[in-house]
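**Student:** The structure that follows is given in the form of structure tokens.
The values are calculated or read from the model by the stated rules, or taken from the named source; none is laboratory data. A quick note: this is a predicted structure, and the numbers were derived from the prediction, not measured. We place every Cβ from the backbone using ideal geometry, glycine too, and count neighbours over all the protein chains shown. Remember, those area values only see protein heavy atoms, side chains included, never the ligands or the DNA or RNA. Shrake-Rupley method; radii C 1.70, N 1.55, O 1.52, S 1.80 Å.
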Amino acid sequence: PDIAGVLNSIAAVHASKKRNEKALPIYEAALKIRRDALGDSHVDVARTLSNQGVAYAALRKFPQAMKVYTEAKKIRETALGPFHPSVGDSHVNIGNVFLRKCAFTEARCEFEAALFIYSKSPLRSDDPKIARTKAIIDRVKRDEKLCV
């Protein structure tokens, strides 16, 4: 698992420099190591899947992003419980994919699910995740009205 962590970090550096095509195979190698060492339902597997999703979304490979984000969400729900902030983060990730595809209704549902989870989680009411999610919901509602 230590090697997977290093690989994940290397891939993250590539992704932060907009070299997502280079990041993806490194994330894949990290994912394989984590699955082999920790099993398919470990939160570190979910973390790597989410990182892959960011890279896929940046490359506009939305079906692949949605697939890995959805798998990460399921792992987090099972491993951490339905009201863990990481589950909310997964909903935000999925919502962002819908938003980039201009699927505003689906995006709003995901962001509202995230906000609900955050409200039930141990996060404080003034946590920046809550404020950001509320702002995104407001933006989605405005954008949605423009498309009607």
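**Student:** Starting from the Cα gyration tensor of region 104-145, take the square roots of the eigenvalues, sort them a ≥ b ≥ c, and report rounded, prolate or oblate (rounded when a/c is under 1.5, otherwise prolate if a/b is larger than b/c, else oblate). Provide the component values of the computation, followed by the final result.
**Tutor:** Working: a/c = 4.20, a/b = 1.88, b/c = 2.24.
In terms of gyration-tensor shape, oblate.
**Student:** Next question. Within straight cross-link reach of residue 22, meaning Cα distance under 20 Å, which lysines are found once same-chain residues fewer than 8 apart are removed?
**Tutor:** Cross-link targets: 32, 61, 67.
**Student:** Let me ask something else about it. DSSP loop trypsin sites (Lys or Arg not before Pro) in region 25-92 with at most 13 other Cβ atoms within 10 Å of their Cβ, which ones? Could you put the intermediate results ahead of the total?
**Tutor:** On the way: sites: 32, 34, 35, 47, 60, 61, 67, 73, 74, 76; in loops: 60, 61.
Taking region 25-92 and a limit of 13 other Cβ atoms within 10 Å, the loop trypsin sites (Lys or Arg not before Pro) found are 60.
**Student:** Okay, moving on. Give the aspartates and glutamates reachable from residue 17 as a straight Cα distance under 19 Å; neighbours fewer than 8 places away on the same chain don't count.
**Tutor:** Straight-line reach from residue 17, under 19 Å: 28.
**Student:** On to the next question. To make sure I understand the rule: partners must be lysines, Cα under 24 Å from the Cα of residue 120, and not fewer than 8 residues away in the same chain. Which ones qualify?
**Tutor:** By straight Cα distance, residue 120 reaches 73, 74, 129, 134, 141.
**Student:** A follow-up question, please. Per the helix-only calculation at 222 nm, which mean residue ellipticity applies to the chain, given -39500 (n - 2.57) for every DSSP H run of n ≥ 4 and division by its residues, nearest 500 deg cm²/dmol? It would help to have the intermediate numbers written out before the result.
**Tutor:** Numbers: 7 runs with 121 residues, N = 148.
The per-residue figure over the chain is -27500 deg cm²/dmol.
**Student:** Ignoring ligands, DNA and RNA, please state the percent of accessible area on the chain from carbon and sulfur, probe 1.4 Å.
**Tutor:** Working: 4640 of 8160 Å².
Of the solvent-accessible surface of the chain, carbon and sulfur hold 57 percent.
**Student:** For the chain, what does the accessible surface come to per residue with a 1.4 Å probe? Please give it in Å². Provide the component values of the computation, followed by the final result.
**Tutor:** Details: 8160 Å² over 148 residues.
Dividing the accessible area of the chain by its residue count gives 55 Å².
**Student:** Going by a ≥ b ≥ c, the root eigenvalues of the Cα gyration tensor, does the chain fall in the rounded group (a/c under 1.5), the prolate group (a/b larger than b/c) or the oblate group? Don't skip to the end; give the middle numbers.
**Tutor:** On the way: a/c = 2.16, a/b = 1.41, b/c = 1.53.
Oblate.
**Student:** Next up: For the chain, give the magnitude of the charge dipole about the Cα centre (Cβ charges: +1 Lys/Arg, -1 Asp/Glu; no others), in debye to the nearest 20. All intermediate terms of the calculation are to be shown ahead of the outcome.
**Tutor:** Values: 26 positive and 17 negative charges, 102 e Å.
Here the size comes out at about 500 debye.
**Student:** Further, regarding this structure: Hydropathy at least 1.0 by Kyte-Doolittle, axial extent at least 18 angstrom from the Cα trace: which helices of the chain, defined as entire DSSP H runs, fit? Working shown, then result.
**Tutor:** On the way: long enough: 2-16 (21 Å, 1.08); 20-38 (26 Å, -0.32); 43-58 (23 Å, 0.34); 62-80 (26 Å, -0.44); 85-100 (22 Å, 0.09); 104-120 (24 Å, 0.17); 128-146 (27 Å, -0.88).
Sorted by number, the helices that extend far enough and score high enough are 2-16.
**Student:** Take the alpha carbon gyration tensor of region 1-77, find the square roots of its eigenvalues, order them as a ≥ b ≥ c, and report rounded if a/c is under 1.5; if not, report prolate when a/b exceeds b/c, else oblate.
**Tutor:** Details: a/c = 2.30, a/b = 1.17, b/c = 1.97.
Since a/c reaches 1.5 but b/c is at least a/b, the shape of region 1-77 is classed as oblate.
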